[in-house]
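The values are calculated or read from the model by the stated rules, or taken from the named source; none is laboratory data. Quick caveat: nothing in here was measured; it's all calculated off a predicted structure. In this analysis, Cβ positions are derived from the backbone assuming ideal geometry, glycine residues included, and neighbour counts consider all displayed protein chains.
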């Protein structure tokens, strides 16, 4: 009789763990599936379309100016991160 009770106790503990696992797993998979891939990937598709549609010399200059501005902003962000972390670099 006692072995049966012990066995039922083990089975209920296993069921509780299994229910928790089966509850958490779909939530995590849903979060991973809905996660944003990244801001850079979204920007790359827009830049690719703009680059393909550039026909004139003026369009080319506008794109070059935009990329230069973007590069300067990224360098400024990098420098502020390095300063905040105390890293010395080029």
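Structure notes:
- Taking the listed residues 18, 37, the one that is outside any helix (DSSP H, G or I) and either at pLDDT below 85 or within 17 Å of the chain's Cα centre (by Cα) (or both) is 37, with no other qualifying.
- Among the residues making up the stretch 49-61, those that are in contact with a helix residue (DSSP H, G or I) (Cβ under 9 Å, 6 or more places away or on another chain), part of a helix (DSSP H, G or I) and surrounded by 10 or more Cβ atoms within 10 Å (Cβ to Cβ) are 50, 51, 59.
- Any pair with Cβ under 9 angstrom, 6 or more apart, that starts in the stretch 64-90 at a residue that is over 30 Å from residue 50 (Cβ atoms) and ends at one that is exposed (fewer than 10 other Cβ atoms within 10 Å of the Cβ) and modelled with pLDDT under 90: 82/88; 82/89
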